[in-house]
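First up is the structure itself, then whatever we jot down about it.
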Amino acid sequence: MEVKENKDVLLTGIKVLDLADEKASFCPKLLADMGASVIKVERPGGDPSRDIGPFWKNSPHPEKSLFFQYNNANKRGITLDLEKGLGREIFLKLVNKTDIVVETFPPGYLKDLGLGFEALSEVNPRLILLSVTGFGKDGPRSKYKSCDLVASAFGGSLCVSGSSSTPPLKPFGEQSHYTASLFGAIAILLALRKRTQSGKGEHIDISMQEAVASTLDHVMVRYFYDRVIPERQGSLHWDSSFCISPCKDGYLLLTLFQQWETLIELMDSEDMAEDLVEESWRDEEYRLRHADHIIEVLERWTKTHTTDELFKLGQLMRFPWAPVQSPREVLESPHLKARNFFVDMDYPQIGTSIKCPGSPYKFSSGFLNRRKRAPLIGEDNISVYRNELGLSDEELQRLSSMHVI
């Protein structure tokens, strides 16, 4: 299934070979969303990330992994065994026609196959190679295995996630992988810009540990300047300016100290401000020292209202309050529907279409409208190997019988 090219798309004409597993498959997806021609290169039989759930209707199958479907939308797909000589020969032919390669193999793996950056650059001096690993391609831990949880732990985000009464908690989802992928996509765009000036490619080294550590903002700042490691605070914001309170029908994110007098007047009008009307609470430092008590009083008040009531009330008073929405509520959001954020992807292999998140950035030219499902295993072997590399049908049959493709 071909992706229709649009000359107005940002990265039209840029070709990408995607060798990444779950650690960075989101990176080339971002490039594909922006118009690059991305080919997912899987080993014969399919990539192991096809075994990652959730699966359509809880039926484990390589073609029904919703994880794989989302992270590989807008890509074409081929199969190729890089550990076989013929496979490496074919890969080098593809590299000769490629701008970017994204890979997540252990450091040194491609070099041991004769496919390191130096070898690839000899074939294509303009090639940009992005390597995403747990700890980077050098350093004392470069050979260590990693995953999202390991990167979150070593990167520091695990330590400050959760509440003071719990052990460290893993952030939901594969946040370390997505963070590394986002940094990778940014680095690739910068390398493309640099290449227009130098004419030469670049080897980009992304460490998942460093990607996570780069997002710790206030945690690192406080440690650098105060030598203080912030405690886990659960739903309380790091500087106690926000908290999450229960309501009749859910939870609400609300401010603790913003426009204090207005907030207390509002609660007092319902006879629920309790002792917060006393003069001592007007002192900001006093409020900070006794934030736990303020939260207790607030919770007794918020439990008497629905999230929608308080959200609309907060908007009227210019408070940055927001309901904590479930995935179902996000999917049904009238605002996101009005902006056409969710898109329908047709999946013939499961006989239906699935709603997927679209691009979170919109351009005035409106070019980001690509909607192609993830490829089936080896779906584009013929179009790539025969039409783009010029291999004959006989050669393709031979390579298939040898499990090279």
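The values are calculated or read from the model by the stated rules, or taken from the named source; none is laboratory data. Quick caveat: nothing in here was measured; it's all calculated off a predicted structure. All Cβ positions, even for glycine, are placed from backbone atoms using ideal geometry, and neighbour counts span all protein chains on display.
Numbers at a glance
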item: Residue list for the stretch 266-298, filter: more than 15 Å from Ser240 (Cα to Cα), charged (D, E, K, R) and part of a helix (DSSP H, G or I); result: Asp268, Glu274, Asp275, Glu279, Arg282
item: From the options Ala20, Ala36, Ala24, Ala32, residue that is in the same structural domain as Pro106 (by TED's automatic domain parsing), under 24 Å from Tyr178 (Cβ atoms) and touching a Gly at 6+ places or on another chain (Cβ under 7 Å); result: Ala24
item: Qualifying positions in the stretch 38-68 - more than 18 Å from the chain's Cα centre (by Cα) and of a type in the set (A, V, I, L, M, F, W, C); result: Ile39, Val41, Phe55, Trp56
item: Single condition Ala153 does not satisfy, out of (1) in contact with a helix residue (DSSP H, G or I) (Cβ under 8 Å, 6 or more places away or on another chain); (2) assigned to a helix (DSSP H, G or I); (3) not aromatic (Phe, Trp, Tyr); result: (1)
item: Unmet criterion (only one of (1) modelled with pLDDT under 95; (2) of a type in the set (A, V, I, L, M); (3) over 29 Å from Ser161 (Cβ atoms)) for Met272; result: (1)
item: Elements of type helices (runs of 4 or more DSSP H) in the stretch 1-98, at least 1 residues being within 23 Å of Ser383 (Cβ to Cβ) and modelled with pLDDT under 95; result: 26-33, 66-71
item: Residue pairs meeting the criteria (Cβ under 8 Å; at least 6 apart or on separate chains; first modelled with pLDDT under 75, in the stretch 217-229; second surrounded by 11 or more Cβ atoms within 10 Å (Cβ to Cβ) and not in a loop (DSSP other than H, G, I, E, B)); result: Met220/Ala213; Val228/Arg222; Ile229/Val219; Ile229/Arg222; Ile229/Tyr223
item: Single match in Gly184, Gly136 (criterion: outside any helix (DSSP H, G or I), touching a helix residue (DSSP H, G or I) at 6+ places or on another chain (Cβ under 8 Å) and touching a residue at least 60 places away in the same chain (Cβ under 8 Å)); result: Gly136
item: Top-ranked residue in the stretch 311-334 [being assigned to a helix (DSSP H, G or I) and of a type in the set (A, V, I, L, M); ranked as nearest to Lys355 (Cα to Cα)]; result: Leu331
item: Qualifying positions in the stretch 190-216 - part of a helix (DSSP H, G or I) and within 18 Å of Asp138 (Cβ to Cβ); result: Met208, Gln209, Glu210, Ala211, Ala213
item: Every residue from the stretch 335-347 that is in contact with a Pro (Cβ under 8 Å, 6 or more places away or on another chain) and either under 18 Å from Ser364 (Cα atoms) or not in a strand (DSSP E or B) (or both); result: Phe341
item: Of all residues in the stretch 17-31 being of a type in the set (A, V, I, L, M, F, W, C) and surrounded by fewer than 24 Cβ atoms within 10 Å (Cβ to Cβ), the one that is nearest to the chain's Cα centre (by Cα); result: Phe26
item: Of the criteria (1) modelled with pLDDT of 95 or more; (2) assigned to a helix (DSSP H, G or I), which one Leu252 fails; result: (2)
item: Residue list for the stretch 260-308, restricted to those being closer than 17 Å to Gly250 by Cα and free of Cβ contacts under 8 Å to residues at least 60 places away in the same chain; result: Ile295, Glu296, Leu298, Glu299, Arg300, Trp301, Thr302, Lys303, Thr304, His305, Thr306, Asp308
